[in-house]
1. Does anything in the range 83-98 have its amide N under 18 Å from the 7 Å Cα→Cβ label point of Q330, and if so which residues?
2. For the range 131-198, what mean projected area does the convex hull of the alpha carbons give, in nm²?
3. R0 = 51 Å: FRET efficiency of R322 with K152, Cβ-based, nearest 0.05?
4. Put one equal scatterer on each alpha carbon of the range 16-94, apply the Debye formula with no solvent term, and list log10 I(q)/I(0) at q = 0.12, 0.15, 0.19 1/Å to two decimals.
5. Taking a cut-off of 20 Å between Cα atoms, list the lysines near K80, but don't count ones fewer than 8 places away on the same chain.
6. Heavy-atom accessible area of Y29 with all protein chains present, probe 1.4 Å, nearest 10 Å²?
7. Amide H of K236 versus every other amide H placed in the peptide plane: which residues, excluding those fewer than 5 positions away on the same chain, fall under 5 Å?
8. Rolling a 1.4 Å sphere over the protein heavy atoms, what is the accessible area per residue of the range 16-94, to the nearest Å²?
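The values are calculated or read from the model by the stated rules, or taken from the named source; none is laboratory data. As the structure is a computational prediction, the values presented were derived from the model and not from experiment. Note that each Cβ is placed from the backbone with ideal geometry, even for glycine, and that neighbours are counted across all protein chains shown. Quick note on the areas: whole protein, heavy atoms, side chains included, nothing else; ligands and nucleic acids left out. Shrake-Rupley method; radii C 1.70, N 1.55, O 1.52, S 1.80 Å.
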Amino acid sequence: MLSRLMSGSIRNLEREYNCTVRLLDDTEYTCTIQRDAKGQYLFDLICHHLNLLEKDYFGIRYVDPDKQRHWLEFTKSIAKQMKSQPPFTMCFRVKFYPPDPAALKEEITRYLVFLQIKRDLYHGRLLCKTSDAAILAAYILQAEIGDYDPGKHPEGYSSKFQFFPKHSEKLERRIAEIHKTELSGQSPDTSELNFLQKAQMLETYGVDPHPCKDVSGNPAFLAFTPFGFVVLQGNKRIHFLKWNEVTKLKFEGKTFHIYANQKEDKKIILTYFAPTPEACKHLWKCGVENQAFYKLEKSSQVRTVSSSNLFFKGSRFRFSGRVAKEVMEQSAKIKREPPEIHRAGLVPSRSCPSITHGPRLSSVPRTRRRAVHISIMEGLESLRDSAHSTPVRSASHGDSFVPRSRSLAADACEGGSAVIADEAYSPSDSVLPTPVAEHSLELAISRQINGAPCSIEEEKESEAGTPTAGEVAEFGPDGKALSPEHAGEAGASPLGEVEQAMVCLQVPLAGGPAH
């Protein structure tokens, strides 16, 4: 604590800070920011560097000293969100996944989303059945090395690239077969678009997993997607709630609650336990932003808390920015010559997933494993709020952003578990920060998952009490916001995050952001 106070004092004497942001292609953008610069300034710098106009889907992520990930808040000072001494290190990532990537106006935006989903596949966040995995990997090959050429691509060429945390020789052969016979002639942008359209149909598309435990102590992963709230356990999606069904999101310490109204006025409460209070608040904040972004019709519908309200109980954090509908309307107005895209060649990722996911299968390329030193950059220490839920005015457009094919697939699985993969969904290591440098020493990694349980129960009418002023997030049956005096039976809407203290890194070095 003393060292942090001292570092803060030293920092306050400086007028400028150096900042490095890891981009989606693993290149780095370095700049100097003023002491009082806000997150929006840095974000705008990066988007200008990338020539990106459809920027509302993206964000900047960093990791604090306790290995908890955070999204940089654009309305606050960067320096005040960080604890460590400069230089600051962060990552530019997709924050809100497009419900329909094909609807993105510009190719540069689709390319950046392609890079993000390729990372998700690589780190085990986008988990799918083997047949889907082979097609996705073949699209990546076609996009990044072009048509199959016997002179350039000898037998076993696909084994030189690792698309997944682990895979078999049989899968490698299937990837090569699809690439050779089915994708010839496809341009990079066509292959990327086909990749996005295929990925969008998967149950784990857009999933940024938050590790939790249910009431029985079983591990589970909670996530917010463009289509709603999901719970993944084993190789199944055990719960799926559309955004227009979720009425309130609330956290209290390490406990996270999701209130929902389903068909025939069926009210349910889901309860899960995060590893730490900070992780639970992060889970909640992520939910707040995702629900507002995908559900509301206008950003003006987000309820704010007056700074003059001295008696307000709870977190003042709220979603800021344009919502999905506004973003799509703004994108349609873009009129410019398509910017040039500098595509990176297909090379093994510097994140070394074979290390974080244990030994590779015998069929994985026999290259020598390289270990990395990882040190987590210091960042903002989360506030410890005891119990919060946040009011967000809802719109009634429901599933207007859900592609028809995706909506039908979700409806088909509603009410039962959907098998999402041939193996268990366990992307725990994907919360590790991306290494800044690679070295010859082995990385010692131990995983810690603390916490407790999830429960689903019917909410009895007699138990539905009126929430306090600091806990209300009201949505009526028609999706419209209720006034406080009518908010007793309806709940509100924001979530926070749970993706922290499950990984304990035991290596020093300088600086590393989150995937």
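1. Within reach of a label on Q330, which here means backbone N under 18 Å from a point 7 Å along Cα→Cβ, the range 83-98 contributes 93-98.
2. Answer in nm², one decimal: 4.2.
3. Values: r = 45 Å, r/R0 = 0.88.
With a Förster radius of 51 Å, E is 0.70.
4. -0.29, -0.46, -0.76
5. K38, K67, K281, K285
6. Solvent-accessible area, nearest 10 Å²: 40 Å².
7. I420, Y425
8. 37
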